[in-house]
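Chemist: To start, I am sharing the structure in question, which I have written as structure tokens.
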Amino acid sequence: MVELVAIRDGPKLVPATPYDLAQLERLRQGGIGMRISATYPRSLAHQRWYRGLVAVVADGIGWQPNALHKELKFRAQLVENIFMLKGGDVAVELRSTAFGQMDEPDFRAYTDLAIEIIFRDFLPGIERNSVIAQVHDMVGPRPD
């Protein structure tokens, strides 16, 4: 499965960023048609920017991006449920940041907090602007 952000230009869809162009280039060319589903989610550009940030930071600290995403949600206290297990153990269900589960204002607030957590806990002393510039080069600027 390939996901990318595109902008409609007349009868064509044009990749929105260099990253999206790279995603498009993963598709086979030629006579085989494909089915494309268009959605207008909360803010795909903002989601892509956040995921780009997580990827850049995860790469820099030697973590998998999904593991860092979950750790950020935990440190941001996005907790849905806490379960007491046999033997006194505890399991935590994290709140989803999926499009249908979190609206744009909540996602923006979470992203703002995640940025603070990243530079406080994972990248202390690292120049924030240099990391943000790497994300910008990968997926474009953070949407307003």
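Chemist: Please pick out the residue among Arg108, Arg95, Arg142 that is over 13 Å from the mean Cα position of the chain (by Cα) and basic (Lys, Arg).
Modeler: When all the criteria are applied, what remains is Arg95.
Chemist: Also, I was wondering about something else. Give the residue, chosen from Arg75, Arg95, that is touching a residue at least 40 places away in the same chain (Cβ under 8 Å) and of a type in the set (Lys, Arg).
Modeler: When all the criteria are applied, what remains is Arg75.
Chemist: Tell me, which residue of segment 5-31 that is assigned to a strand (DSSP E or B) and among the β-branched types (Val, Ile, Thr) is nearest to His46 (Cα to Cα)?
Modeler: If we take residues in segment 5-31 being assigned to a strand (DSSP E or B) and among the β-branched types (Val, Ile, Thr), then Ile7 is nearest to His46 (Cα to Cα).
Chemist: Could you grab me the full set of residues in segment 42-82 that are within 16 Å of Leu123 (Cα to Cα) and β-branched (Val, Ile, Thr)?
Modeler: Val54, Val56, Val57, Ile61
Chemist: Here is a follow-up. Quick one: which of Ala45, Ala16, Ala22, Ala67 is modelled with pLDDT of 95 or more, surrounded by 10 or more Cβ atoms within 10 Å (Cβ to Cβ) and either over 19 Å from Val139 (Cβ atoms) or of a type outside the set (Ser, Thr, Tyr) (or both)?
Modeler: That would be Ala67, the only listed residue that is modelled with pLDDT of 95 or more, surrounded by 10 or more Cβ atoms within 10 Å (Cβ to Cβ) and either over 19 Å from Val139 (Cβ atoms) or of a type outside the set (Ser, Thr, Tyr) (or both).
Chemist: What number of residues within segment 91-104 satisfy the criterion of being over 16 Å from Leu44 (Cβ atoms) and either open to solvent by 80 Å² or more (accessible area, probe 1.4 Å) or not in a strand (DSSP E or B) (or both)?
Modeler: 2
Chemist: Would you confirm whether any residue within segment 121-135 is under 16 Å from the mean Cα position of the chain (by Cα), over 22 Å from Tyr19 (Cα atoms) and at pLDDT 95 or above?
Modeler: no
The values are calculated or read from the model by the stated rules, or taken from the named source; none is laboratory data. Please read these numbers as outputs of a predicted model, since none were measured by experiment. When we count neighbours, we look across all protein chains shown, and the Cβ atoms used for this are built from the backbone with ideal geometry, even at glycine. The protein model used for the area step is the full one, side chains on, heavy atoms only, and it has no ligands, DNA or RNA in it. Shrake-Rupley method; radii C 1.70, N 1.55, O 1.52, S 1.80 Å.
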